[in-house]
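Structure first, commentary second.
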Amino acid sequence: MKNEVRMVTGLTIRPFIENDYEALSNYCLPIEQAIYTSLPLKVIEDYRKDKYNLPMVIYLDEDLIGCFALYTDKAGNQYTSNENAILLKSFSLDLRHQKKGLAFKTLKVLPDMIKLSHPEKDEIILTVHHSNVSAINLYKKAGFIDKGYRFNGEEGEEFIFHFALD
């Protein structure tokens with residue numbers, strides 16, 4: 001499939017297709033994490049309303065384990081003036097697959113995937129809630145940089161993280 005990245009570890013990252021819908025409906029995300037991200041079915045709903053919101057799925061072998069969106073509209077990225085930035089949104093892993101290093105592995109391959117699928121992009125931007133310490137640590141470990149930019153989101157202060165695509 002176009003824009004699909006397969007890793008030796010059994011991970012596959014690719015665009016959402018309708019066949020993924022059933023697996024997404026069984027997605028497990030604890031309520032304490034749901035305040036930080038959108039549930040995958042909401043990601044799909046947003047995609048159906050906005051062609052620039054591209055839902056992606058993460059598989060481990062045959063199991064759907066994660067979801068996120070890439071927002072590609074340069075006019076719609078409120079977190080940066082860089083028109084060549086791509087926004088990583090709603091990144092999550094199913095609870096049953098957390099604490100196994102899979103989120104880190106996904107984030108490490110994401111830049112190469114974006115360079116292949118969106119060669120015009122030169123930066124990944126994401127926001128993370130200031131109280132989501134585990135996500136902040138994960139993003140930093142994966143090479144994202146906090147340059148000190150902040151955004152006042154619906155649930156409070158968000159940190160804006162950057163990853164340069166060289």
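For region 110-149, give me each residue that is open to solvent by 60 Å² or more (accessible area, probe 1.4 Å) and not in a helix (DSSP H, G or I).
Of everything in region 110-149, those that are open to solvent by 60 Å² or more (accessible area, probe 1.4 Å) and not in a helix (DSSP H, G or I) turn out to be Pro119, Glu120, Asp122, His130, Ile145, Lys147, Tyr149.
Look through Leu29, Leu41, Leu24 and report the one residue that is out of contact with any Lys or Arg (no Cβ under 8 Å at 6 or more places or on another chain), crowded, with 18+ Cβ neighbours inside 10 Å and over 13 Å from Phe91 (Cβ atoms).
Of the residues listed, the single one that is out of contact with any Lys or Arg (no Cβ under 8 Å at 6 or more places or on another chain), crowded, with 18+ Cβ neighbours inside 10 Å and over 13 Å from Phe91 (Cβ atoms) is Leu24.
I'd like the residue in region 1-19 that is outside any loop (DSSP other than H, G, I, E, B), of a type outside the set (Val, Ile, Thr) and modelled with pLDDT of 80 or more and, out of all such residues, is least open to solvent (accessible area, probe 1.4 Å).
It comes out as Leu11.
Please verify whether Asn152 is out of contact with any Cys (no Cβ under 6 Å at 6 or more places or on another chain) and not in a helix (DSSP H, G or I), treating the condition exactly as stated.
In short, yes.
Conditions tested, residue by residue: (1) assigned to a loop (DSSP other than H, G, I, E, B); (2) in contact with a Ser or Thr (Cβ under 6 Å, 6 or more places away or on another chain); (3) at pLDDT 90 or above; (4) more than 15 Å from Ser117 (Cβ to Cβ).
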{"site": "Tyr21", "(1), (2), (3), (4)": "no, no, no, yes"}
{"site": "Leu24", "(1), (2), (3), (4)": "no, no, no, yes"}
{"site": "Leu41", "(1), (2), (3), (4)": "no, no, no, yes"}
{"site": "Ile44", "(1), (2), (3), (4)": "no, no, no, yes"}
{"site": "Val57", "(1), (2), (3), (4)": "no, no, yes, no"}
{"site": "Leu64", "(1), (2), (3), (4)": "no, no, yes, yes"}
{"site": "Ala69", "(1), (2), (3), (4)": "no, yes, yes, no"}
{"site": "Ser81", "(1), (2), (3), (4)": "yes, no, no, yes"}
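I need every pair where a residue in region 110-136 that is closer than 12 Å to Tyr71 by Cα has its Cβ under 6 Å from the Cβ of a residue that is hydroxyl-bearing (Ser, Thr, Tyr) and surrounded by fewer than 19 Cβ atoms within 10 Å (Cβ to Cβ), sequence separation at least 6 or different chains.
Hits for this filter: Ile125/Tyr79; Ile125/Thr80.
Out of the residues in region 48-97 that are among the acidic types (Asp, Glu) and surrounded by fewer than 20 Cβ atoms within 10 Å (Cβ to Cβ), state the one that is nearest to Thr12 (Cα to Cα).
The qualifying residue nearest to Thr12 (Cα to Cα) is Asp61.
Out of region 92-109, which residues are under 19 Å from His129 (Cβ atoms), in contact (Cβ under 8 Å) with a residue 40 or more places away in the chain and not in a helix (DSSP H, G or I)?
If the condition is that a residue be under 19 Å from His129 (Cβ atoms), in contact (Cβ under 8 Å) with a residue 40 or more places away in the chain and not in a helix (DSSP H, G or I), then Ser92 is the only one that fits.
The values are calculated or read from the model by the stated rules, or taken from the named source; none is laboratory data. Note that the structure is a prediction, hence the values are computed from the model and not measured. Note that we place each Cβ from the backbone using ideal geometry, even for glycine, and neighbour counts take in every protein chain shown. Please note that ligands, DNA and RNA were not included when accessible areas were found on the heavy atoms of the full protein model with its side chains. Shrake-Rupley method; radii C 1.70, N 1.55, O 1.52, S 1.80 Å.
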